[in-house]
Amino acid sequence: MNAPIRSFSGEPFVEGEPMMDATASPPSAKGRRPFNPVRLARTPLRHLSAQRLIRGGRVGDAGRLPRYVFTIGGLVGAIWVPIALYLQFAPVSYTSSISLILPGTGVSSSVSLSEIGQASTSANSSYSSSSISPTVTYQKLVQSGRVIRRAAGLSGIEEAAFGRPRVKLVDQTSLMEVQMKGRTPDAARQRSEAVLSAFLAELTSLREDEILRREASTTDTVGKYQEGVNAIRDRISALQSKTGLSSKDQFDGIVLAKETLLSQVAEGEAQLRDTDRTVSTLARLLGITPDAAARTIKLHVDPQYAMLSKSLADETAKLASLARLYGPRHPEIVSVRDRHSGLQSQLVERAVRVTGLPADQLRDQVERAADGERGALLSRLVSEVARRDGQKARLVALRTELANAESRVIDLIGVASELDKLNRDYKVAEAVFTSALARLNASKTDIFASYPMVQIAEPPSLPLEPSSPNRLLAILAGIVATLFATMGLVLSWLRRPLIDRLTGRLRNAGPATEHDAE
């Protein structure tokens with residue numbers, strides 16, 4: 001039964017080839033033989049050659065249909081049985097999604113400190129660098145173990161059973177979509193909320209850690225700046241307490257005062273010279289010394305002396321009138337002469353008492369007549385003398401002050417230079433310290449420099465339909481797989497003519513031998 005069937009010529013029959021009897025007519029002139037509907041001989045599958053298996057049987061051979069039916073049944077079962085099991089036994093899960101957006105603009109700030117310095121800080125956009133993407137960074141952070149552990153702790157679920165969020169990045173945008181699954185819609189949303197809270201908490205922790213590290217790295221520098229400022233301030237205070245010079249402005253005031261004293265001394269000397277010339281001119285014109293003029297005025301302004309002078313003048317006039325009428329021994333003339341002599345003696349005594357001069361010097365030092373224009377000139381002479389004395393005293397005082405000012409300026413020149421240098425160093429150190437402190441404080445306000453701000457574009461959603469198992473997708477996948485399997489079997493059924501056409505084989509055999517049965 002297993003031996004191959006051979007023809008009369010000893011050649012084995014090929015499966016699907018018809019068996020020819022002895023009475024078969026020879027081939028025609030065209031190389032074809034007429035077909036005789038005889039029994040087809042089938043070769044067992046184990047005796048088929050590789051070439052025969054590859055080429056297949058003829059298209060019209062229905063005898064190989066059971067094999068294809070069995071094959072397609074197996075393929076359909078292999079496709080739909082897992083799908084049915086998946087739809088029947090796969091656990092139901094719901095997916096809650098969150099949409100996050102990352103603004104990409106940078107910030108900058110500038111602080112101007114009056115008469116001290118200026119501090120500025122700026123932060124470039126997180127998307128300005130092509131090598132760093134904050135969305136990818138945040139994607140890894142959302143899926144990191146620390147976020148999952150924190151979220152599991154917030155939800156009261158073990159980390160192994162919590163699951164891992166799925167993050168989807170939207171191309172050409174700064175949007176992130178975070179998805180979290182759960183057995184129920186509420187469970188999915190609660191897990192999404194836990195993931196969002198844990199993610200934001202970790203961002204806050206990372207930002208605070210960055211600020212602390214920056215502050216720690218700059219605190220030492222700021223402290224050194226402050227120590228430098230304090231050291232210069234102590235040197236300035238010591239120099240001020242030692243010399244009494246508080247600032248460069250004070251030294252400039254002392255120098256200005258010295259220059260003012262110089263001008264006042266020069267002006268006083270000029271005024272004194274002018275007054276001296278006036279006094280000398282008046283004394284020369286009046287023919288009296290300034291002291292005599294002063295005593296004369298003092299004497300003539302005395303009331304008693306003035307009364308005695310008037311009485312004496314009256315008696316003198318009366319005596320002159322009687323001398324024209326009587327002789328020198330006339331009793332009336334003698335009486336008037338005695339009164340005249342007495343008044344003259346009283347006048348001399350009063351003059352001695354008022355002027356303090358002896359009687360023999362009164363005639364040279366005191367004028368008896370100081371009335372009219374001469375009296376005014378004498379008064380002016382005395383006034384100019386008093387003015388000259390005041391100018392001399394003021395000039396002496398100015399010269400004393402000038403000498404003291406010049407001495408103080410000489411003593412403080414070096415001190416003022418040192419103090420000015422220390423003040424400049426102090427201002428520079430204070431500006432550096434204040435600017436560094438301002439930059440430190442300004443950098444604290446920019447907490448989104450390394451980790452950009454995250455805004456919630458869409459809060460955790462409450463799913464209305466389960467995301468798994470997806471019946472429609474599973475059925476569509478089964479249908480597509482079945483169609484592909486069917487198309488593959490159809491192509492396998494039709495492979496012989498297709499292969500013959502592709503290889504360009506010449507089919508010269510008759511109708512009975514051209515298409516063999518498998």
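Look at LEU473 and say whether it is touching a Pro at 6+ places or on another chain (Cβ under 8 Å), among the aliphatic types (A, V, I, L, M), surrounded by fewer than 16 Cβ atoms within 10 Å (Cβ to Cβ) and under 30 Å from PRO91 (Cβ atoms). It is false that LEU473 is touching a Pro at 6+ places or on another chain (Cβ under 8 Å), among the aliphatic types (A, V, I, L, M), surrounded by fewer than 16 Cβ atoms within 10 Å (Cβ to Cβ) and under 30 Å from PRO91 (Cβ atoms). Across region 154-195, the qualifying residues are those that are hydroxyl-bearing (Ser, Thr, Tyr) and within 22 Å of PRO91 (Cα to Cα), and the one among them that is most open to solvent (accessible area, probe 1.4 Å) is THR184. Only one of the numbered conditions (1) touching a helix residue (DSSP H, G or I) at 6+ places or on another chain (Cβ under 6 Å); (2) open to solvent by less than 50 Å² (accessible area, probe 1.4 Å); (3) in a helix (DSSP H, G or I); (4) within 30 Å of ASN404 (Cβ to Cβ) is violated by ILE232, and that is (4). From (1) open to solvent by less than 60 Å² (accessible area, probe 1.4 Å); (2) closer than 24 Å to GLY153 by Cβ, pick out the condition that doesn't hold for GLU215. (2) is the only condition that GLU215 fails.
Taken together, the residues in region 235-251 that are open to solvent by 40 Å² or more (accessible area, probe 1.4 Å) and touching a residue at least 60 places away in the same chain (Cβ under 8 Å) amount to 3.
Cβ-Cβ under 6 Å, sequence separation 6+ or interchain: first residue in region 413-434 and more than 23 Å from LYS224 (Cα to Cα) and open to solvent by less than 30 Å² (accessible area, probe 1.4 Å), partner among the hydrophobic types (A, V, I, L, M, F, W, C) and not in a helix (DSSP H, G or I). Which pairs? Short answer, once both residue conditions are applied: VAL415/LEU245. Filtering region 362-410 to residues that are open to solvent by less than 30 Å² (accessible area, probe 1.4 Å), of a type outside the set (A, V, I, L, M, F, W, C) and modelled with pLDDT of 75 or more leaves GLU384, GLN391.
Per-residue answers, yes or no, for (1) in contact with a Gly (Cβ under 9 Å, 6 or more places away or on another chain); (2) of a type in the set (Val, Ile, Thr); (3) under 30 Å from ILE148 (Cα atoms):
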| position | (1), (2), (3) |
| --- | --- |
| LEU200 | no, no, yes |
| LEU203 | no, no, yes |
| GLU208 | no, no, yes |
| ARG213 | no, no, yes |
| THR221 | no, yes, no |
| LYS224 | no, no, no |
| ASN230 | no, no, no |
| ARG235 | no, no, no |
| ALA238 | no, no, no |
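The values are calculated or read from the model by the stated rules, or taken from the named source; none is laboratory data. Since we're looking at a predicted model, the values are computed, not measured. Glycine also receives a Cβ, built like all others from the backbone with ideal geometry; neighbour counts cover every protein chain displayed. Just so you know, the surface numbers come from the protein's heavy atoms only, side chains and all, with ligands and any DNA or RNA stripped out. Shrake-Rupley method; radii C 1.70, N 1.55, O 1.52, S 1.80 Å.
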